[in-house]
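Report on one structure; see the data block that follows.
The values are calculated or read from the model by the stated rules, or taken from the named source; none is laboratory data. Quick caveat: nothing in here was measured; it's all calculated off a predicted structure. No Cβ is skipped: glycine too gets one built from the backbone with ideal geometry, and neighbour counts run over all protein chains shown. Remember, those area values only see protein heavy atoms, side chains included, never the ligands or the DNA or RNA. Shrake-Rupley method; radii C 1.70, N 1.55, O 1.52, S 1.80 Å.
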Amino acid sequence: MKKRLALLLACSMVLGLSACGGGGGETTAAATEAATQAPAETEAAKEGEAKETEAEAAGEAGGMDALIEAAKAEGELTVYGSCEEEYLSLACKNFEELYGIKTKFQRLSTSEVYTKISEEAGKPSADVWFGGTTDPYNEAVADGLLMEYEAGNAVNLISEDYKDPTNCWYGIYKGILGFMVNTEELERLKLETPKTWDDLTKEEYKGLIMLSNPNTAGTAKLVINTMIQMKGHDEAMEYFKKLDQNINQYTKSGSGPSKMVGPGECVIGIGFLHDGIYQILQGYDNIELIVPEDGTSFEVGATAIFNGCAHPNAAKLWIEYALSPECVDHAKEAGSYQFLVLSNGAQPEEATRFGLDMNNTIDYDFEDAKANSAQYVEDFFAALGSAADNRFKTE
């Protein structure tokens, strides 16, 4: 779409604010049940292709106004969200109020979403994916599970690095990977603050560290990919065997470790530092944020449309909305303080206040992650062997 369409969208959103629709998002229990009664995969694929063609025709015929009308005619949208539930709920409620489109949502980790839509094979029980790191998104691209869509509001991305080359996903924010430490506990135990990834393998930290489960959290997949890209495959697997000796628990969600640090349930949490900012602003001033001195990587939090979705016009309208200030500028209201990747979005002061160094990051190889993430997770568990025990949480 042309840049003119992005301007039309902005105007239509302002107008939409004076005509709010129904209430907030609902869970997707009904949508999930409906998916189990879906027709055969081949029929689903044909149906999905027909709907995508209709959506394209609507966009080409009348621009953004036509897309909005076509989306309203569909009347509903189902969102799987992998950001924090508060942000997901707020984003869905705002979309519903702007356009009068009934918006249902369910919070799932990125790996859970990837597994779910893979099993649904062309008849997804949701229309769009919102938030969460892009490694599972890239796996979905490789499997043909995401729809290509040329979004008009993508002109506002600060770099082409924050979108899939085939337009299957678009970035909305980024977050730096690092450590969150409980300074009170470190002082009590007379331990120094870890400054590098290798520091985390020191025997003195045995039982003090939490990381997320790579079978359920995209954050842990990013950690695996990062170590492989920094150290090489075999050395990274040896590293994880050593690190495992110090892990107290592998949490289900990527933000899980950050929630355990302040109360002292763990002393060192590995994850995205904006999750630590949230905890600090909740009153846990005993948390220190560490950007690893030996380098780190960052996530790109994304949004995408599922191939074969039931409401393709509403899904495309969601992408335009997600790439606009009307969505991203409200993230901080829900306690999400990621760095935005949109030039017309307002960076949350709460994030910039902490002065996190976004420049100390590796040149992350997204293509390698797209091609090999699933294999690397298998290799990770194979390296740990019998150590892969009940510390890996799935609930």
**Message:** At 1.4 Å probe radius, can you tell me the per residue accessible area of the stretch 252-395 in Å²?
**Reply:** 37
**Complete:** Ranked output for segments 328-336, 79-87, 305-313 by mean other Cβ atoms within 10 Å, highest leading, reads 305-313, 79-87, 328-336
**Prompt:** Given R₀ = 51 Å, FRET efficiency for LYS206-GLU148 by Cβ-Cβ distance, to 0.05?
**Reply:** 0.60
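To the nearest 0.05, how large is the calculated FRET efficiency for LEU281 and ASP65 if R₀ is 56 Å and r is the Cβ-Cβ distance? Before the final figure, lay out the partial values.
Working: r = 40 Å, r/R0 = 0.72.
So the FRET efficiency works out to roughly 0.90.
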**Message:** Using only the heavy atoms of the protein chains and a 1.4 Å probe, how would LEU157, LEU200 rank by accessible area, largest first?
**Reply:** LEU157, LEU200
**Item:** Long-range amide H partners of LEU146 with built H, under 5 Å
**Value:** ASN307
**Message:** Considering all projection directions equally, how large on average is the shadow of the alpha-carbon convex hull of the stretch 172-213, in square nanometres?
**Reply:** 4.1
**Fill in**
Expressed in Å to one decimal, the Kirkwood Rh of the stretch 277-325 from all distinct alpha-carbon pairs is 14.8
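Any idea what % of Cα-Cα pairs in the stretch 116-240 are farther than 19 Å?
Values: 4806 of 7750 pairs.
Result for the distance tail: 62 percent.
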**Request:** Roll a 1.4 angstrom probe over the protein heavy atoms and tell me the percent of accessible area of the stretch 229-271 that is carbon or sulfur.
**Result:** 42
**Complete:** Between GLU350 and LYS241, Cβ-based FRET efficiency (R0 30 Å, step 0.05) works out to 0.20
**Message:** Please compute the contact order of the stretch 296-395 in relative form: average sequence separation of alpha-carbon pairs under 8 Å and at least six residues apart, divided by the residue count, as a percent.
**Reply:** 23
**Request:** For the stretch 266-275, take each phi angle, set θ = phi - 60°, evaluate the Karplus expression 6.51 cos²θ - 1.76 cosθ + 1.60, and give the result in whole Hz per residue in order, putting x for glycine and proline.
**Result:** 9, 9, 10, x, 9, x, 8, 6, 5, 5
**Request:** State log₁₀ I(q)/I(0) for the stretch 282-395 at q = 0.20 Å⁻¹ as given by the Debye formula over alpha-carbon point scatterers of equal weight, solvent excluded.
**Result:** -1.23
**Asked** What is the gain in length, in nm to one decimal, between ALA121 and LYS195 on full extension, counting 0.36 nm per residue of separation less the C-alpha to C-alpha distance?
**Response** 22.3 nm
**Prompt:** Rounded to two decimals, what ratio of Rg to Rh does the stretch 149-205 give with C-alpha atoms and a Kirkwood Rh?
**Reply:** 1.32
**Asked** So which lysines can LYS72 reach, going by Cα to Cα under 16 Å and dropping same-chain residues fewer than 8 places off?
**Response** LYS51, LYS93, LYS102, LYS104, LYS316
**Request:** Enumerate the lysines that LYS393 could reach by cross-link, defined here as Cα to Cα under 16 Å, with residues fewer than 8 away along the same chain left out.
**Result:** LYS221, LYS252, LYS259
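At a 1.4 Å probe radius, carbon and sulfur cover how many percent of the accessible area of the stretch 302-348? Before the final figure, lay out each step's value.
Details: 470 of 1010 Å².
Here it works out to 47 percent.
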**Complete:** The answer for the stretch 60-201, accessible area per residue at 1.4 Å probe in Å², is 35
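Determine the share of the stretch 150-224's accessible area contributed by carbon and sulfur atoms, expressed in whole percent, with a 1.4 angstrom probe.
Details: 1220 of 2870 Å².
It is 43 percent, rounded to a whole number.
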